[in-house]
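Where a number appears in this text, it was derived from the coordinates with a stated rule and is not lab data. Everything quoted here is computed from the prediction, not taken from an experiment. Positions of Cβ are generated from backbone atoms using ideal geometry, with glycine treated the same way; all protein chains shown enter the neighbour counts.
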Amino acid sequence: MSGLRLFLSAILIVVVSATASAYSIQHGDQLTISLPGEASLNRTFQVDRQGQIQLPEIGPVKVAGQTEVSVTTFIRDKLGSVIRDLDHLSVYVSKRQLLISIQGYVNTPGEYTLPASASVQAAIVAAGGMRPGAQLNVMQLKRAGHTRTFNYKAFLDSGDQSLLPVLQSLDVIFVPASPMIGNIEQDFDPQNLADAGDAASDRGAVKVFGEVNHPGSFSHKDTANLVDLLMRAGGVTRYAGVEQIRVISNNEPVIFNLKQYLDTGQETLLPPIVPGATVFVPRQEEEVKRGANTIYIMGEVAKPGAYETKQGTSFMDILANAGGPTRFAESRQIRIITAKGDIKSFDLSGFTEGTSRRALPQVSPGDAIFIPEKTDMNEKSWLKVSPQRAVRIIGEVIRPGRIEWSSEMNLLDLLAHVGGPTSRADTARIEVMTPSAAGVNQTYTFNLDQFLKNSSRNSDLPPVRAGTTVRVHDLPQDPTDNKSQWVRQSSELSIYVFGQVGAPGRYRFTNRMHFLDILSAADGPTANADIHNIRITHRHGDTARVTKLNLALYFETGDENLLPKVTTGDAIYIPEKDRNWLEESKESTIRVLGAVNKPGRYRFNDNMTLLDLLAQAGGPSGNAYVEKITVVNLSCCRDQARTFDLTEFGRTGNFSLLPVIRAGDTVYIPDRSESTMEAFRRGMNDLFQFAATAALVGLL
């Protein structure tokens with residue numbers, strides 16, 4: 001029995017030795033070298049990231065990936081040059097370890113040496129654990145240039161080790177930061193995170209905001225109702241309007257009365273909560289004060305509001321109860337709006353100064369007293385000046401707006417008051433719309449430049465009174481800007497430039513503009529422009545007329561008389577060099593009609609044949625009757641027609657069958673329905689129908 005134990009022990013030793021000798025040394029492993037008599041070598045060495053160990057006397061030795069036997073032989077050869085007696089040298093792996101790098105949102109990132117059996121959790125513990133704010137569900141393992149994402153949160157929830165990757169030496173574990181912490185380093189409070197919601201940017205989250213203690217986005221749970229959501233948001237505040245809670249589910253808003261639910265306890269009152277729902281708790285507003293004896297006072301008083309009155313309450317009682325007018329009050333323009341809708345004005349300053357003989361206004365329940373703010377000339381608010389005493393000035397002036405008007409002022413005073421026209425103002429065409437006594441508006445066009453140039457009288461200015469509107473148009477800064485604003489331009493002040501120019505369009509000019517100025521504004525003719533045949537349509541006369549310009553001749557001669565006189569409203573057209581067939585006479589083209597893919601008119605020269613024409617027209621269509629192509633020749637005396645069989649030509653290839661074609665001819669390709677066989681088939685069909693009808697009549 002003892003002999004059997006010795007035999008099994010020997011077998012076990014041999015198996016262990018064989019397994020150890022087959023193990024490849026890894027980065028991070030700890031090697032032990034034993035050599036009696038050499039103190040510097042009798043110790044342990046750790047394999048670094050380069051797979052080396054540093055030995056005295058011989059320096060770095062590459063050992064990663066080798067077995068113990070091969071490393072022993074290699075080190076014996078290296079030490080043989082400095083040490084003679086190496087018979088008792090032994091090298092073996094005393095501890096198998098992993099060299100792991102931990103990066104990202106951990107307390108102490110860096111490189112760590114771990115036991116060979118260490119897991120991802122052990123590596124994170126070695127790095128001091130994760131920092132608050134680490135995102136656990138998208139952690140990364142980087143190995144040999146490849147990145148793998150794993151869910152550490154799922155492992156913490158289930159304890160399933162198979163969810164974590166098995167570590168190898170030189171692995172890199174990266175822990176990302178949660179997007180909820182923002183883009184700056186900050187203190188991370190998990191309690192505040194929970195208070196702010198737990199759904200991050202999940203589109204299916206339920207949003208709760210308004211008068212709750214901790215608004216945020218919360219993950220949807222099928223078993224949770226609206227009350228559960230409000231509790232997760234910390235409950236409602238003391239200012240919450242619990243009777244008007246708004247819930248939006250599936251794009252349908254619902255008003256929920258929390259007070260009614262708490263009073264009755266009926267579950268049916270709870271609205272359904274679906275993923276992506278929105279819950280808003282509004283702020284409770286104070287009840288509007290109203291009653292049969294209420295008078296309202298608004299505007300520039302110390303305490304505006306609604307006040308209960310008694311029999312005999314006067315205007316001064318109400319004003320004093322509201323704290324009186326403030327220092328900003330326009331006490332000359334106080335208005336009383338009666339319950340019937342009538343409006344009465346009252347001058348309080350004049351009454352207190354004794355200049356106004358009007359008595360204090362009588363106020364009744366339901367009336368409203370409005371005390372406006374003083375008018376500030378630097379303030380543009382239209383509320384400060386009533387329409388009955390204001391004019392409007394808009395457009396290109398320094399300070400456009402509504403201005404208080406006085407009968408002593410004229411248009412020049414008004415322009416000076418608003419700072420005058422801007423540098424882009426079209427001062428030659430100022431529009432003034434003034435209402436008459438009957439309320440009918442009349443529009444005047446005023447040329448300020450001409451007025452100043454001619455030293456005109458003030459009586460020549462257009463009339464301005466309260467209610468007048470003055471509009472100052474703007475001029476473009478450059479022709480491109482001019483073109484972009486053509487919708488705002490008047491047709492009478494525009495010139496149209498079409499065709500082959502760099503920027504065709506509608507441009508605003510004055511009658512002082514030269515033809516070359518207009519052409520330059522449109523960026524000049526393009527490379528494809530036919531400058532020999534420029535056409536100008538003059539539209540300013542009684543009837544339109546068209547002139548032609550050979551601009552090339554002008555550039556050759558420099559004769560200014562060749563350039564036309566162009567005024568606003570005219571149109572300039574520069575055609576393309578290769579003009580289309582519409583501009584050519586019928587005698588210079590050939591018409592291709594019938595069953596072709598692109599019928600139309602085509603240019604023709606003597607080097608072309610009927611085949612070239614058909615190719616230009618896209619070839620015959622699928623229903624073309626190519627056996628009866630008709631060619632009508634235009635001759636001096638009469639038109640001649642002949643037919644051509646394209647199918648016969650395709651079989652024989654005889655070019656002598658091609659008809660002679662000249663410019664002005666017409667080629668017609670009939671449809672298959674026009675063939676004799678098709679006509680015969682239709683006739684037989686009619687005959688059969690007639691016979692069937694006759695038989696039916698005989699049967700009847």
Restricting attention to the range 332-369, which trypsin sites (Lys or Arg not before Pro) occupy a DSSP loop and are surrounded by at most 12 other Cβ atoms within 10 Å?
K340, R357, R358
Based on the mean of other Cβ atoms within 10 Å per residue, sort peptides 456-465, 208-217 so the most packed one is first.
208-217, 456-465
Burial ordering of T543, T278, T352, fewest other beta-carbon atoms within 10 Å first:
T543, T352, T278
Plugging the Cβ-Cβ distance of S94 and I248 into 1/(1 + (r/R0)^6) at R0 = 51 Å yields, to the nearest 0.05, a FRET efficiency of 0.15
Between V274 and A302, what FRET efficiency follows from the Cβ-Cβ distance if R0 is 35 Å, with the result rounded to 0.05?
0.10
Vicinal HN-Hα couplings computed from phi for the range 23-28 (Karplus, 6.51 cos²θ - 1.76 cosθ + 1.60; Hz; Gly/Pro x):
6, 8, 5, 10, 4, x
Please work out whether the range 20-95 counts as rounded, prolate or oblate from its C-alpha gyration tensor, where a ≥ b ≥ c are the square roots of the eigenvalues and a/c under 1.5 means rounded, while otherwise a/b larger than b/c means prolate and anything else oblate?
prolate
Cβ density ranking, 10 Å radius, fewest first, applied to S455, S249 yields S455, S249
Convert each backbone phi in the range 113-121 into a coupling constant with the Karplus relation 6.51 cos²θ - 1.76 cosθ + 1.60 (shift: θ = phi - 60°), then list the ³J(HN,Hα) values in order as whole Hz, x for Gly and Pro.
9, 10, x, 4, 9, 5, 9, 4, 5
Starting with the fewest neighbours, write out V172, V82, V596 ranked by other beta-carbon atoms found within 10 Å of each beta-carbon.
V82, V172, V596
Under the Karplus relation with 6.51, -1.76 and 1.60 and θ = phi - 60°, whole-Hz ³J(HN,Hα) for the range 135-151, x at Gly and Pro, equal 8, 8, 8, 10, 5, 10, 10, 9, 8, 6, x, 10, 10, 10, 9, 9, 9
Quick one: which residues, 5 or more positions from V397 or on another chain, have an amide H under 5 Å from its amide H? H modelled 1.01 Å from N in the peptide plane, none for Pro or chain starts.
T422
